[in-house]
Every structure is written in structure tokens, then in C-alpha cells.
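**Q** Just passing along the structure, written as C-alpha cells.
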Amino acid sequence: QAYRLFLPRFARAHRVLGAMYLALLLFGFADLHSNILPRFIFDVLLGVTGIFLTLSAAWGFPHHRRVTNEASGTLNEDATVTYDEMIEHSFYQGLNLAQIIYIHLVPEVIQNCVSTMSPSISGKAARISIALLVTLPWLVRSYFPVNRFSDNYAKLSAKKPSNAAAGALDWIIPHLYRLKKYQYIFYKHFLLHGLNVSIALKDWIVGERSLATQEYFKWYWLGLNTAYVMEFFLQTLVKRKRLSQTHMLGMQQLLMIVCTMAALPVLSNVRIPLALLSLVLNFVQRGHEMRNIC
């Protein structure tokens, strides 16, 4: 079964990278306490592999350029991941990599700047600079495809079910997409922008360890990266008749719940008023991430 899934010649690079990524995730969970591999190296390796995994899907399945679905997303049994979704996903994998490097390095950077320059000047300059630096990837967001969550629950809600069983799924799926949108909004403004700015503004004590080394953050980060790929992997299993649609949706709901619970302890590091301000600015100045951070 594993051979048929991961080693056929067609799109082999993507299959091998997929197996590597899943192995890295399993290693990450197993290494939570052992620290066999330095966490910075592991997180960078996971981020780089994630980027190449999504790009290899786009390169390995070029015919997906011609795929059209009623809406984006992978919860529908008859949906196929499009080329645009693969490319868009690579942007968010890049965001993950940028953020985790930032979280690992920011305490040392701020401490070094404050210790070698005038604290009144260097502290503010360093904090502003690094917060803007980690936001730079948003400047190229317009060059990547955009797939809106609202298309999923708006179009799919209007679809008429063919039978009672299909009707139950057709009711659940749009609601799951709506919840995923709320999760994304929460992630973007509290766990991305809100967390990044809060870390930059924190008064780091000399020798204080990075947030990325804390066990509760490791759980959150592994959950986030698992969620990023499992939606696509589970759909592949459904397509290959290795998993039923009902079980896939159940696993998706479980994953959403677990990842949300893992994210809650991280909020202790977020300045909630700043996160709420980011949320408000998102509606007032949509698409202007750099300006909003400033």
C-alpha cells in the first residue's frame, strides 16, 4: 500500500518529499522531550521541506492547471486540488518558515542590539525593523493565487443534495469551510501578526530562551504544520479509496479541534489589543499588511 502511494514514477519527487515530510512530523513529535536534533535545525528543515513539497506537487501534476472545481478546498469528495491551490499553499509554507526563524532568533537579535548600542535608540529601531522584516513576504502576496473561503460555503450551500446521505455531508462541509475561515482569521491576526509584533515588543531578559523552545509552542507548531498538509493527504487517501469521505471529515474535525486547543497557550505571549487592532485594520485596509503592521 505504501509503495503504491509514495514510490510510483509519476510525480515521484512529490511522493518522496511527502513521505519525508510525514517522517519529519513523526520525528518532531517523538523528539519533543529528547531534543536529539536542535529545534532550530528541525524547524528550518521542516519549513524548507514543506515549501518544496507544495512546489513539487505543482511541478509533478501539471495537468491540474486544467482542473476546475465548484469552489476551492479539499473537503468535497469530487474536488481535486488545483494548480493555483498548490502555488498558494507554497506562499503560506514560506510564511511558516519566515515566522519560525524569526521566533527562534528575535530574542538574541534584540539583546545584542540593546547591549551594543544606545538602548533608547537601538531598542526601538531593532524592534521595528525585525517586525517589518518578518512581514516582508506579504509584499509578494499578490503574485500568488487567492482562493477565498467564502466561495466554498456560499456556493456549496446553494447546491441541492441528491439523497439524504449526501444532504448530511452537504450540510456539514460548508459549515466546516466557514469554521476554517474563522480559524484562518484567528491564526493570521493573533498567531501571526499579533504574535510577531508582541515578540518584537517584549523586554527580553539576557539569556532568556526563545518561545520556539517551549514545549507548548512545539505542540502548537507541529499541529499547525500537520494541519497544513493533512488536508491534502487525507483527500488523496479518499481519492485512492483508502479512506471514506465520512472518516476523512471526522479526522478533519478532530484535527481542527486539537490544533485550536494547542494554539490557546500560545496566546499568553500575544498582546491581545494589538491582535484586535490587526483584525480591525484587515477590514479597513484589506491587503495592506505592511502598512497595517507599521
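The values are calculated or read from the model by the stated rules, or taken from the named source; none is laboratory data. From a predicted model like this one, the values you see are computed outputs, not experimental measurements. As a convention, Cβ positions derive from the backbone with ideal geometry for all residues, glycine included, and neighbour counts pool all protein chains shown. When the accessible area is computed, the model is the full protein with side chains, heavy atoms only, and any ligands, DNA or RNA have been set aside. Shrake-Rupley method; radii C 1.70, N 1.55, O 1.52, S 1.80 Å.
**Q** For segment 166-218, what are the residues that are among the hydroxyl-bearing types (Ser, Thr, Tyr), under 21 Å from His89 (Cβ atoms) and surrounded by fewer than 16 Cβ atoms within 10 Å (Cβ to Cβ)?
**A** Filtering segment 166-218 down to residues among the hydroxyl-bearing types (Ser, Thr, Tyr) leaves 177, 182, 184, 187, 198, 210, 213, 216.
Then keep just the ones that are under 21 Å from His89 (Cβ atoms); that gives 177, 182, 184, 187.
Hits for segment 166-218 are Tyr182, Tyr184.
**Q** Right, here's the next one. What are the residue pairs meeting all of these: first residue in segment 131-143, first residue in contact (Cβ under 8 Å) with a residue 12 or more places away in the chain, second residue hydrophobic (A, V, I, L, M, F, W, C) and assigned to a helix (DSSP H, G or I), Cβ atoms under 6 Å, and 6 or more apart or on different chains?
**A** As it stands, the answer is Ala131/Val197; Ala131/Ala200; Val134/Ala98; Thr135/Met290; Thr135/Ile293; Pro137/Leu95; Pro137/Ala98, since those pairs meet every condition given.
**Q** Also, I was wondering about something else. Which of (1) open to solvent by 40 Å² or more (accessible area, probe 1.4 Å); (2) under 19 Å from the mean Cα position of the chain (by Cα) does Glu289 not meet, given it meets every other one?
**A** With (1) open to solvent by 40 Å² or more (accessible area, probe 1.4 Å); (2) under 19 Å from the mean Cα position of the chain (by Cα) applied to Glu289, the lone miss is (1).
**Q** Still on this structure, I have one more. When you go through Tyr182, Tyr153, Tyr187 one by one, which is the residue that is in a helix (DSSP H, G or I), of a type outside the set (D, E, K, R) and at pLDDT below 85?
**A** On the way: Tyr182 fails: at pLDDT below 85; Tyr187 fails: at pLDDT below 85.
Only one candidate qualifies: Tyr153.
**Q** Within segment 219-244, track down each residue that is under 17 Å from Val44 (Cα atoms) and open to solvent by less than 30 Å² (accessible area, probe 1.4 Å).
**A** Kept after step one, since they are under 17 Å from Val44 (Cα atoms), are these residues of segment 219-244: 219-226, 228-229.
Listed by number, the residues that qualify are Tyr220, Trp221, Leu222, Gly223, Leu224, Asn225, Thr226, Val229.
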